[in-house]
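Notes to accompany the following structure.
The values are calculated or read from the model by the stated rules, or taken from the named source; none is laboratory data. Because the structure is a prediction, the values reported are computed rather than measured. All Cβ positions, glycine included, derive from the backbone under ideal geometry; neighbour counts span all protein chains shown. Just the protein is used for accessible areas: all its heavy atoms, side chains included, with ligands, DNA and RNA removed. Shrake-Rupley method; radii C 1.70, N 1.55, O 1.52, S 1.80 Å.
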Amino acid sequence: MRKLTCLSVLPALALLFVASKCGPLNEPEVAPAVFIHIAPKCNGKDLVLNTLTYINAAGDTFSVKTLNYYISNIKLKRSSDGFTWAEPKSYHLINGSGEHVININNVPATGFDELAFSVGVDSSANHKLDNPGDLDPANGMAWDWNTGYKFFVMEGSRLSKGQTKTFTYHVGTDANYRTLSFPFSALQAGKYIKTEHNQTAHLLLDAEADEIFKSPNLIHLEKTNNVMNNPATTDSLANNYASGMFRLTEIH
């Protein structure tokens, strides 16, 4: 039988000492995560569906029944040297019935001072309907008569000459894909998030539904109430949701 010598025992003792200092062997590291909170708003307050009480910039009284849209290609940027990290397979279907939280894992451990994302589905995924997850056509965001996704859907009711009528906005096609950027310095000079192991960061955004009617294009519901891929009108709506619908409100 082989006898243990002092020299053969020492490496084992050293290993036990390291394990006692560092914790269990093969313990998985927890990757840093970033949580993006998107809160649906209307007229500056929490959006409540199916209440015919909101007034838009054109003076129309309206309510929202359905509000769905895609947030895609989320990126975190470091302005000091231009380093950009992009979330892989980044497609998120947002339902405006309540706050939606996007959880981004495996973020590099460094500092970031800008968030960017797009509204819609990029051309690489927009022209095929066999995508999984949030892009699954079963989610109701794909046109069955034309290959492609609805980037933005808003449906609701409006008052017209004392009568309650409906309105429908379905926006899609590559031309209406919009990319937005949110530098953290807009909230506080020098603001950044530090993504480190075992730590998380939270980015809070408001999504103001009434901004779809507002700027840079004033939309009157009496004139524009049924938009189903008309290029001129969908372009106006896309520019509006890119201009003022999303607002970064808090970072912690």
>> Run the simple label-point estimate for residue 81 and residue 155 please: 7 Å along Cα→C-beta, distance reported in nm.
In response: 5.0
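Would you please report the Å³ per residue occupied by the convex hull of the alpha carbon atoms in the chain?
Convex hull of Cα atoms, per residue: 194 Å³.
From Cα pairs below 8 angstrom and at least 6 apart in sequence, can you work out the relative contact order of region 77-180, rounded to a whole percent?
Values: 123 pairs, mean separation 26.4, N = 104.
Value for region 77-180: 25 percent.
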> What residue among 218, 248, 180 has its Cα farthest toward the positive end of the dipole of region 142-252, where the charges are +1 on Lys, Arg and -1 on Asp, Glu, each on the Cβ?
Replying inline: 218
> Among 80, 198, 239, whose Cα lies farthest out toward the positive end of the dipole of the chain, if unit charges sit on the beta carbon of Lys, Arg (+1) and Asp, Glu (-1)?
Replying inline: 198
>> With +1 on the Cβ of every Lys and Arg and -1 on the Cβ of every Asp and Glu, and nothing else charged, how large is the dipole of region 54-147 about its Cα centre, in debye rounded to the nearest 20?
In response: 80
> If the cut-off is 16 Å between C-alpha atoms, which lysines fall inside it for residue 191, apart from same-chain ones fewer than 8 positions away?
Replying inline: 77
>> Using the crude model of +1 on Lys and Arg Cβ and -1 on Asp and Glu Cβ, and no other charge, please compute the dipole size for the chain relative to its Cα centre, in debye to 20.
In response: 360
> Based on the Cβ-Cβ distance of residue 35 and residue 187, what FRET efficiency does E = 1/(1 + (r/R0)^6) give at R0 = 22 Å, to the nearest 0.05?
Replying inline: 0.85
> How about region 129-173: which chymotrypsin sites (Phe, Trp or Tyr not before Pro) there are in a DSSP loop, with at most 12 other Cβ atoms within 10 Å of their Cβ?
Replying inline: 145
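Go through region 81-189 and name the trypsin sites (Lys or Arg not before Pro) that are in a DSSP coil and have 14 or fewer other Cβ atoms within 10 Å of their Cβ.
Values: sites: 89, 128, 150, 158, 161, 165, 178; in loops: 89, 128, 161.
Qualifying residues, ordered by number: 89, 128, 161.
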>> Running a GNM on the chain with Cα contacts under 10 Å, which residue among 185, 157, 90 ends up with the highest mean-square fluctuation?
In response: 185
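Counting pairs of alpha carbon atoms under 8 Å apart in space and at least six apart in sequence, what relative contact order in percent does region 111-252 give?
Details: 236 pairs, mean separation 39.1, N = 142.
That works out to 28 percent.
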> Roughly to the nearest percent, how much of the accessible area of the chain is carbon and sulfur, given a 1.4 Å probe?
Replying inline: 52
> Could you name the lysines in cross-link range of residue 165, using Cα to Cα under 19 Å and dropping any fewer than eight places away on the same chain?
Replying inline: 65, 223
> Quick one: Cα centre-to-centre distance for region 148-173 and region 51-120, in angstrom?
Replying inline: 21
> Taking residue 194 as the anchor, which aspartates and glutamates have their alpha carbon closer than 20 Å to its alpha carbon, excluding any fewer than eight residues away along the same chain?
Replying inline: 29, 81, 87, 113, 114, 250
> For the Cα atoms of the chain, what angle does the longest principal axis make with the long axis of helix 6-22, in degrees from 0 to 90, nearest 10?
Replying inline: 30
> Can you give the accessible area of residue 177 in Å² (nearest 10), computed on protein heavy atoms with a 1.4 Å probe?
Replying inline: 60
> Hey, if you put +1 on the Cβ of every Lys and Arg and -1 on every Asp and Glu Cβ in the chain, which of 33, 137, 124 ends up farthest toward the positive end of that dipole?
Replying inline: 33
> When only C-alpha pairs under 8 Å and at least 6 residues apart count, what is the relative contact order of region 197-252, in percent?
Replying inline: 59
